[in-house]
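Have a look at the structure below, then the notes.
All of the numbers you see were taken from the coordinates with simple rules; none came from a lab. Computed from a predicted model, the values in this text were never measured in an experiment. Virtual Cβ from ideal backbone geometry, glycine too; neighbours counted across all protein chains shown.
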Amino acid sequence: MLSIHHLAMPDPRFTPTAVRSPWKAQTTEIDWADGHTAIYPHEILRGYCPCAGCQGHKVEIAFVPGGDTSIAKIEPVGDYGLSFEWGDGHATGIYTFRYLRGLCRCDKCVPREQAEERPTLNRA
């Protein structure tokens with residue numbers, strides 16, 4: 001008897017189709033397969049760097065202000081995330097696509113009155 005297993009399709013909410021980060025810009029945009037375009041101020045990306053050097057090994061991720069927010073390079077990490085090299089050479093954070101989607105600061109994802117808040121996030 002032949003059995004056919006269906007492969008799980010990737011969740012379109014966490015599947016990027018394009019990444020735009022123009023040189024010297026202060027925001028990066030990611031288009032997701034579900035049609036959403038996420039906007040990431042570099043201050044948010046750098047402040048919520050998930051690496052152990054920035055966050056330690058805590059369960060929660062806190063906003064850590066400071067650091068150079070210019071992006072020197074963006075590289076894929078496997079098929080699950082991105083790595084950013086910041087202008088000061090910091091490059092140890094791996095931002096999973098799920099994590100990046102949760103950092104979106106657009107009006108659809110974060111109410112305008114909460115856009116400037118820097119909450120503590122769960123490491124998920």
Inset, instruction - Before anything else, pin down the relative contact order of the chain: Cα pairs under 8 Å, at least 6 apart, normalised by residue count, whole percent. - result: 22
Legend entry - Estimated vicinal HN-Hα couplings, Hz - region 44-61 in sequence order (Karplus 6.51, -1.76, 1.60; Gly, Pro = x): 5, 4, 5, x, 9, 4, x, 5, 5, x, 8, 10, x, 10, 6, 6, 9, 10
Inset, instruction - Starting with the highest mean, order 36-47, 96-107, 59-70 by the number of other Cβ atoms within 10 Å, averaged over the residues of each peptide. - result: 36-47, 96-107, 59-70
Inset, instruction - Quote the Stokes-Einstein diffusion coefficient, in whole µm² s⁻¹, for the chain, based on the Kirkwood radius over alpha carbon pairs, a temperature of 20 °C and a viscosity of 1.002 mPa s. - result: 139
Legend entry - 20 Å Cα-Cα reach of LYS108 towards aspartates and glutamates, excluding residues that sit fewer than 8 places from it in its own chain: ASP11, GLU29, ASP31, ASP34, GLU43, GLU116, GLU117
Inset, instruction - Under a cut-off of 21 Å between alpha-carbon atoms, report the lysines in cross-link reach of LYS73, not counting same-chain residues fewer than 8 places apart. - result: LYS24
Legend entry - Cysteines in the chain that, by Cβ-Cβ distance, have no pairing candidate under 4.7 Å: CYS51, CYS106
